[in-house]
Amino acid sequence: MEHTELKSSLIQPDDLILITGASGFIGSRLVQTLLDRGFRNLRCFVRASSKVARLKDLAGSNSGARIELLRGNLLSRLDCEHATTDVAVVYHLAAARGEKSVPDAFMNSVVTTRNLIEAALLQKNLRRFVNVSSFAVYTNRQKRRGKILDEACPIENEPQATGDAYCFAKVKQEEIVAEYGKKYGMPYVIVRPGYVYGPGNVGISGRVGIDLFGLFLHLGGSNPIPFTYVDNCAAAIALAGLKNGVDGEIFNVVDDDLPSSREFLRLFKKNVGPFASLYVPHILSYALCYLWERYSAWSEEQLAPVYNRKKWHAYWKQTRYSNEKVKASLGWTPTVSMAAGLGKYFQACRGTESNA
Amino acid sequence: MLRVAIVGCGKIADSHGSQLRRISGCKIVGACDTEPLMAQQFCQRFAVEGYFSDLATLIRDTRPDVVHVTTPPKSHFEIAKFCLEHKCHVYVEKPFTLNEQEAQRLIAIANENKLKITAGHDDQFSHVARRMRTLVQNGFLGGAPVHMESYYCYEIGRSGYAGALLGDDSHWVRRLPGKLLHNIISHGIARIAEFLTSASPHVIAYGFTSPMLKRIGEKEIVDELRVIISEEERSTAYFTFSSQIRPLLHQFRVYGPNNGLILDQDQETLVKIRGDRFKSYAEKFLPPLIFAKQYLGNAKTNLRTFLKNDFHMKSGMKYLIESFYHSIREDTPPPIPYREILLTARIMDVIFAQLNTQQQIEAGIPMPISAASVGDAAQLTSACANAAFFTNSRLQN
C-alpha cells in the first residue's frame, strides 16, 4: 500500500478485518484485493459447507499475512460473536442468493445481518460495517425512460409486491443496517454493485433476457447492462471499508463503457456459442408483465407474480447508470476494462460449455 | 369468522398464508416466531396486524380459534399441546409429531377439550388424490386394496434446504429420530396408512446413504429407503424413498381384486388399470389406446381446473384447511381420521427404529434388546434379520 493511501486509510495493515461470505464469488476476490493492498490480518467467515480451496491457496501464497478461516453460521449469535471479536472493519457479503422463498431469503440476509451487527456493536474497535447490497433495491419506477440511476434514486417501498425474494431481503437488509446506524451510531457504508460478472459467475444476467423452454427471450434490447467485473467490484468494496469520511454513504458500483444488452448478446453468441433468441420489444415485454401481474392477482396467485410492472421497471426499462460518486468519493477506477473483463468472462463461459 | 394464528414463520408458513387468503370466513389475527424479525416479515407481507415472539402472548392477545403450527417438527408437540390446553383447534404441519406417543397425547388432549386437530398431509387432498379416493370409495378396485406402492422421492442435490442440511452437522433435521426421512416421508406413508385397517401392520425397512452422498463425505443421512408393509393376509405395500432414482417420483399405485389405479402427484394424473384382459392380440393394441385416452382426459381435466382458477400448487392444502374448518364449525369428524395420523406415526417410528438397529449392526455396535426404543421384540428380530439379509445379499454380489 502506498504511503499516502495508508495515511488516508481508516485502519492500519494489522487491524483485524472480517469478511463474511469470504469463499464466495466476490468474497474471495475481496480477500485477494485486501491482501494486495497490504492488509495482513483477515478473518474469513464461511459456511460449514463452503469450499475453501481458493482461500487456502491465498493463505499459502501470503505467508506474511494472518488469514483465519472461521466456519460458522450467522444465524448463530455465538458464531457472530466469535466472528466479530476484535474486528476493526466488517465486510458483510454473506447473503442468500437464488432463494425463491422469501422467508429463506429474509432469514439468510436480514436475520443474519442483524445478528452480525449486534455482535459487532459489542466491539470497541469497530470502525466500519460495510454492507454489500444490490441494484435490486431500486424501484426505478418514477424515473423516466433513459434517465440516470444513481444513489439518490428511491429504493423500493413495497418490496413484497415485486415478487422477488432477493429484492425483498436486500431492501430489508439495508433498512436494518441504516436503523442500527441511526440508533446506535454504528459507522456503516452500503455498497450496491450492479451485475457482477466474471469467471465464477457465468450465467447471463436476467437484465439481458430469460430462457423460456429453450428459447432465449431477449428483453434488454438497447438498454445498457450495469456490469461490474468481479475484480473491479471487489476493489470498490475494499475502498468502501478503508476510506475515511464516508460513513453513512451509499455507493453504486458499475464499470465504464457499459455494453448494451443487444451488443452483449451478440458478443456472447460470437465468443461462447450460438443459441436461439427472440427479441421482445420493450412495449411488448411491458404489456406481458402487466398481463402476468393482473392475471396473478385475479387468480389469487395461481401463477406466482414473478413478472410484474415493478420488475419490468427495475430490470428492463431503459436506464443509464452512473459511477461518478464511487469514483469521486472513494477514488475508485475500474482497473479491468470492459473488453478485457468480457474476454475473461467469455473464456470462462466456453470452459463451462465444453464441460457440460 | 374463524380467528387464525400462525406459529412459525418459515417457508411453509408462506403456503399457509397464501391459502388462508383464499379461504372465506377466516382471518389471520397474529403470527408468532421465536425470531421476531421473521414474524414481522410474515405480518408485513400478509397484512396481519399482530406479530409476536412469545406463544402465550399471541394466544392471550389475539384469542385465536385455530392455530397453525408451522415450526420445525421438534417443537410441534409442545406448541400444539399448549394451544389445545388454551382452547384452540390445531393444524400441525407434517410430520405431525416426533413419534406416535406424542401423537396419541395430542389427540387425547384434543378429545378431552372437545377440540379438533389435524396433520398437514395436504397432498392427500389435491385434486387428483380426491379423484382417486372417490373411485376407491365407489368400489372401482373391486374390494379392499390388495397391494399398494408409494413412491416419494426427493431432489437432494439442488435443494437449498438439503444444501444447508448437508453442510451443517448441527442442523435441526439431523436431530430428528429419522433425520432427513423424518421430515419428508410422512406424505408417502400417509397415503398407505389411509387404506390400511390393521392397527399394527408388519414393517420391514432397509435404508442406506447413497453413493452420491457418501462421495461428499456424508455418513449420517439416509437418503435411500425401501419399506415393506403388510397386514395379516390382507393388504401389503411397498414404500420407496429415493434421492437418486429418475424420474423423482411422487406416485401412488393401488391394486384391488378387480382393478388398479396409478396416481402421479407431480403430473396430477390418475390412470385406471383394468383387471380384465382383452383376447389375443387385442391386449397388445387396445390398452395403449385406452391409456392414451385416459392421459388425454387427465390433460383436459387439469386444463379445465386451471382455467377455472383452482389449480394452485397448494390446492390440496386449501382443501384440507377448508375441510378442517368445516369440521370445527359443524363439529363433524376432522378430514384426516385420527387413526390414520396415529398409524402414519407408528409406521414411521418402526422404520426409524429398524434403521437405527441396522446402522448399529453394520457399524458392529452391540445392541441389547432392551435398547430398542420402538417396536416389539418380533419387530426388532425382523429388523435384525432384514439387515442381515441385505448384508448377505451384498456379500454374495
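Brief remarks follow.
- Here region A:190-208 is the region considered, the condition is being surrounded by 23 or more Cβ atoms within 10 Å (Cβ to Cβ) and not aliphatic (A, V, I, L, M), and the residue that is farthest from the chain's Cα centre (by Cα) is A:Gly198.
- Meets criteria (part of a loop (DSSP other than H, G, I, E, B) and modelled with pLDDT of 95 or more) for B:Gly142: yes
- Some residue of region B:41-53 being at pLDDT 95 or above, on the phi > 0 side of the Ramachandran plot and not assigned by TED's automatic domain parsing to the domain that holds B:Val271: yes
- Of the helices (runs of 4 or more DSSP H) lying entirely inside region A:64-142, those carrying at least 2 residues that are under 20 Å from A:Leu42 (Cβ atoms) are A:77-84, A:112-120.
- Count of residues meeting criterion [more than 10 Å from every other protein chain (Cβ to nearest Cβ) and at pLDDT below 95] in region B:145-163: 7
- Selection within region B:79-98 - in a strand (DSSP E or B) and either among the polar types (S, T, N, Q) or surrounded by fewer than 22 Cβ atoms within 10 Å (Cβ to Cβ) (or both): none
- A:Arg40 being more than 21 Å from the chain's Cα centre (by Cα), within 14 Å of another protein chain (Cβ to nearest Cβ) and among the basic types (Lys, Arg): no
- In region B:46-61, the residues that are free of Cβ contacts under 8 Å to residues at least 24 places away in the same chain reach residues that are surrounded by fewer than 22 Cβ atoms within 10 Å (Cβ to Cβ) and part of a strand (DSSP E or B) with C-beta atoms within less than 7 angstrom, at least six apart or across chains, in these pairs: B:Gly50/B:Val29.
- Test result for A:Ser322, among the hydroxyl-bearing types (Ser, Thr, Tyr) and closer than 19 Å to A:Leu212 by Cα: no
- Matching residues, region B:21-40, being surrounded by 22 or more Cβ atoms within 10 Å (Cβ to Cβ) and either touching an Asp or Glu at 6+ places or on another chain (Cβ under 9 Å) or over 20 Å from A:Arg77 (Cα atoms) (or both): B:Ile28, B:Gly30, B:Ala31, B:Cys32, B:Ala39
- Residue selected from region A:290-300 under the condition surrounded by fewer than 17 Cβ atoms within 10 Å (Cβ to Cβ) and of a type outside the set (Ser, Thr, Tyr), by the criterion nearest to the other protein chains (Cβ to nearest Cβ): A:Glu300
- Residue list for region B:178-232, filter: at positive phi and under 18 Å from the mean Cα position of the chain (by Cα): B:Lys179
- The residues on offer are A:Leu70, A:Leu74, A:Leu55, A:Leu42, and the sole one that is touching a helix residue (DSSP H, G or I) at 6+ places or on another chain (Cβ under 7 Å), surrounded by fewer than 17 Cβ atoms within 10 Å (Cβ to Cβ) and without any contact (Cβ under 8 Å) to a residue 60 or more places away in the chain is A:Leu70.
- Whenever a residue of region B:269-291 is in contact (Cβ under 8 Å) with a residue 40 or more places away in the chain, its partners that are hydroxyl-bearing (Ser, Thr, Tyr), lying with C-beta atoms within less than 8 angstrom and at least six residues away or across chains, give the pairs B:Thr269/B:Tyr295.
- Within region B:168-182, residues that are within 14 Å of chain A (Cβ to nearest Cβ) reach partners that are assigned to a loop (DSSP other than H, G, I, E, B) and not small (Gly, Ala, Ser) with beta carbons closer than 6 Å, at six or more positions or on different chains, in the pairs B:Trp172/B:Pro72.
- Any chance B:Thr70 is β-branched (Val, Ile, Thr) and within 14 Å of chain A (Cβ to nearest Cβ): yes
- Residue within region B:191-210 that is charged (D, E, K, R), touching a Ser or Thr at 6+ places or on another chain (Cβ under 7 Å) and either surrounded by 16 or more Cβ atoms within 10 Å (Cβ to Cβ) or within 14 Å of chain A (Cβ to nearest Cβ) (or both) present: yes
- Among residues of region B:66-81 that are assigned by TED's automatic domain parsing to the domain that holds B:Ala39 and modelled with pLDDT under 95, none has a beta-carbon under 8 Å from a residue that is surrounded by 24 or more Cβ atoms within 10 Å (Cβ to Cβ) and not hydroxyl-bearing (Ser, Thr, Tyr) at least six positions away or on a different chain.
- Qualifying residue in region B:324-345 (condition: within 14 Å of another protein chain (Cβ to nearest Cβ), at pLDDT 95 or above, surrounded by 12 or more Cβ atoms within 10 Å (Cβ to Cβ) and within 22 Å of B:Met132 (Cβ to Cβ)): no
- Condition met for A:Ala95 (more than 10 Å from chain B (Cβ to nearest Cβ), out of contact with any strand residue (DSSP E or B) (no Cβ under 7 Å at 6 or more places or on another chain), surrounded by 18 or more Cβ atoms within 10 Å (Cβ to Cβ) and closer than 22 Å to A:Leu34 by Cβ): yes
- Take the conditions (1) of a type in the set (A, V, I, L, M); (2) modelled with pLDDT of 95 or more; (3) over 23 Å from A:Tyr286 (Cβ atoms); A:Val202 misses just one of them, which is (2).
Here is a yes/no grid of residues against (1) within 21 Å of B:Met313 (Cβ to Cβ); (2) within 13 Å of another protein chain (Cβ to nearest Cβ); (3) not hydroxyl-bearing (Ser, Thr, Tyr):
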| site | (1), (2), (3) |
| --- | --- |
| B:Arg3 | no, no, yes |
| B:Ile6 | yes, yes, yes |
| B:Ile12 | yes, yes, yes |
| B:His16 | yes, yes, yes |
| B:Ser24 | yes, yes, no |
| B:Phe42 | yes, yes, yes |
| B:Phe46 | yes, yes, yes |
| B:Phe52 | no, no, yes |
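- Residues of region B:314-337 satisfying the condition of being under 16 Å from the mean Cα position of the chain (by Cα) and free of Cβ contacts under 8 Å to residues at least 12 places away in the same chain: B:Pro337
- Within region A:157-182, the set of residues being of a type in the set (D, E, K, R), crowded, with 18+ Cβ neighbours inside 10 Å and either part of a helix (DSSP H, G or I) or modelled with pLDDT of 95 or more (or both) comprises A:Lys170, A:Lys172, A:Glu174.
- So A:Asp36, is it surrounded by fewer than 16 Cβ atoms within 10 Å (Cβ to Cβ), modelled with pLDDT of 90 or more and more than 27 Å from A:Leu122 (Cα to Cα): yes
- Options B:Leu166, B:Leu135, B:Leu98: the member that is closer than 30 Å to A:Leu74 by Cβ, at pLDDT 95 or above and among the hydrophobic types (A, V, I, L, M, F, W, C): B:Leu98
The values are calculated or read from the model by the stated rules, or taken from the named source; none is laboratory data. The structure displayed is predicted, hence computed values, not measured ones. Because the Cβ atoms are built from the backbone with ideal geometry, glycine has one as well, and the counts that use them run over all protein chains shown.
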